[in-house]
Amino acid sequence: MTTLHKVVLIFITFMFLITFLLLVVDAQNNKIRLNNENQNSIPFPIIEKVKPDFETNFNGGWEVLSQNSGVSAMQINLMPTNKIIVYDATVYRVSRLRYPEGVPCVTFKDANTQEDRLDCFAHSMEYDLETNQVRPLKVTADPWCSCGGLTPDGTLVSSGGFADGTKTIRYYGGPSCRDNNCDWREYNNLLQEERWYGTQVILANGDFIVVGGRRSFSYEYLPRQEGQRPEKPYFFPFLYETSDIDENNLYPFVHLSTDGNLFIFSNNRSLLLSPVTNKIVRTFPVLLGGSRNYPASGMSVLLPIDLGNVEINKTDTPIKAEVIVCGGNKYDAFFYAETKKQFSPALGDCNRMVITDKNPKWEYEEMPSPRTMGDCLILPNGQLLFINGAQKGTAGWWDADSPNLTPVLYNPEKPRGQRFKEMTPTQISRMYHSSSALLPNGKIWVAGSNTHDTYKDVDEFPTETRVEGFSPPYLDKNLDKFRPQIVEETSAKRLKYGKNFVTKITMQQDGINEGLSKSDIKVTMYFPPFTTHGFSMSQRLLVLKIKKILSDVKGSYDIKSEAPPFGEVAPSGYYILFVVHRGVPSKGMWVHIKG
């Protein structure tokens, strides 16, 4: 082979290697390009990292809002006017608040002498949350141990009571009240049966049902029109079956489930009742350990209803509804307290059950301290607050001891064993006939306590007309920079079932350095309950579905939420809407929802 042939062969080999390398590089580039194109064509979901709630070492704080409200707060309801209606009983003809000059006293017949006498004391009052001032109201037919609730138009309806009030229906406020001088409108002898210690709850259609009462083993529906008589009573053997030596079936726990049926708990048993057919839909397992209703007097709420993943048009899967029942006492505790003044230790357990499950069962856990006659309130961030009550004894005159001064915070989303946290204790005993309410500013209004058959100034547990405010941990001032502010002027206040609406908020810039995502925010709606004897009737909190969060300018956001789907989930009426930023709620805004 000549030198020329060798050179040509080397050149051809070199060119072949160069071509091969170029082909390899081009193929690799094509592969990368194709992979990138494939990746770009596949929609990968953006998973938001869920951030924890903001931490605080603040365990709550107390303040006295009023040194003397005049009427001990046995029964209360927060109104959409930001006033609290309070009343106790007329039977003892005394309070610490007199009718103002010019208001006629009430004539009554003395039970002993049969003489006509005058009662010039107010047994009801309107408490102004802005000024902490009170205005006397006149109630005549005895509302002692009655029940009540807010209608869709914001009228307070109270039913039942004692003696001449057992069949009375009372009305306060609403559209017919157009000034600051409203008073009770009373209609006697309207109820079909006597309702002393009965429970009144709003239904999906906005009507009320009244369940039970002393020796009234029945329920009835209140007509919508003011002053009208209920059609008839419905015999309810369940209440008879759950009565025992001390009754323990009074003020039954009644919760409107997400399917429109009524969860009714009495003594230690529970069932689901259809208010449409008046038939029992199902029964639930017995809750062991003791009695839960008056006079054993435990606590119960419907846990927050999460609508975040609910599809409105789907009816085959029920929206989750879960009930919690806590505290109470042994079935014979009232007997020993009443006859021997021996005070049994209250129950210290809490029990949860998903009532929409196919096979529901109670889940048990232990509270930090036992409690009877306590209140259980749902907070704007979905946590629960146990407050008031005693650690020994039961409801009734002089039938309890060892006041439970320490509120307890309960986080239902945490694992069992990590849900309870004790708060700063109060210095005021809140025992029999005490009450509490969640306010739009996030504070808790705490009042009442009267363990006697009349008002007493000097006693181991004096009659309480002082009003306190309790600030839960989320009101820590160190959390204020994270607190949303609702811009009411440009936020929707009239909601329609299933429709989107916008709530505008502002935030301090140093509280949102990374901006807001849907996982940072909850929009909640709270129905203000009627509270008496440790049970808050019709109380519920809804966690709404957030569709989108838009930022128009720095620190300002539009939150598009979906209103609750139907009345079974949220009966028509007035609610307090909160925007909650990682556990820190805004001040609430009153909204109204209807179909």
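The values are calculated or read from the model by the stated rules, or taken from the named source; none is laboratory data. Because the structure is a prediction, the values reported are computed rather than measured. Neighbour counts run over all protein chains shown; Cβ positions are idealised from the backbone, glycine included. When the accessible area is computed, the model is the full protein with side chains, heavy atoms only, and any ligands, DNA or RNA have been set aside. Shrake-Rupley method; radii C 1.70, N 1.55, O 1.52, S 1.80 Å.
At a glance:
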quantity: Where Tyr240 falls short, out of the listed (1) open to solvent by 20 Å² or more (accessible area, probe 1.4 Å); (2) in a loop (DSSP other than H, G, I, E, B); (3) modelled with pLDDT of 95 or more; calculated: (2)
quantity: Any hit, region 279-290, residues being under 20 Å from Met367 (Cβ atoms), open to solvent by 50 Å² or more (accessible area, probe 1.4 Å), of a type in the set (A, V, I, L, M, F, W, C) and not assigned by the TED database to the domain that holds Ser519; calculated: yes
quantity: Yes/no for Lys518 being under 24 Å from Ala570 (Cα atoms), outside the structural domain of Ser434 (by the TED database) and in contact with a Leu (Cβ under 9 Å, 6 or more places away or on another chain); calculated: no
quantity: Residues within region 494-519 that are surrounded by fewer than 18 Cβ atoms within 10 Å (Cβ to Cβ) and more than 13 Å from Pro564 (Cα to Cα), tallied; calculated: 11
quantity: Condition met for Ser402 (open to solvent by 10 Å² or more (accessible area, probe 1.4 Å), assigned to a loop (DSSP other than H, G, I, E, B), within 16 Å of Gly374 (Cβ to Cβ) and small (Gly, Ala, Ser)); calculated: no
quantity: Residue count, region 351-399 (criterion: closer than 22 Å to Val580 by Cβ, of a type in the set (Val, Ile, Thr) and open to solvent by 10 Å² or more (accessible area, probe 1.4 Å)); calculated: 0
quantity: Single match in Leu191, Leu156, Leu118 (criterion: part of a loop (DSSP other than H, G, I, E, B) and either farther than 21 Å from Ser435 by Cα or modelled with pLDDT of 95 or more (or both)); calculated: Leu191
quantity: Given (1) crowded, with 24+ Cβ neighbours inside 10 Å; (2) part of a loop (DSSP other than H, G, I, E, B), index of the condition Val86 fails; calculated: (2)
quantity: Tabulated pairs, region 348-372, first under 20 Å from Lys392 (Cα atoms) and in the same structural domain as Cys326 (by the TED database), second open to solvent by 30 Å² or more (accessible area, probe 1.4 Å) and among the charged types (D, E, K, R), C-beta under 7 angstrom, 6+ apart or interchain; calculated: Gly348/Glu366; Asp349/Glu366; Asn351/Glu363; Glu365/Arg416; Pro368/Glu422
quantity: Leading residue by the ranking (nearest to Gly393 (Cα to Cα)) among those in region 209-237 that are open to solvent by 10 Å² or more (accessible area, probe 1.4 Å) and not in a loop (DSSP other than H, G, I, E, B); calculated: Pro237
quantity: The listed residue being at pLDDT below 95 and of a type in the set (A, V, I, L, M), out of Met589, Met537, Met507, Met525; calculated: Met507
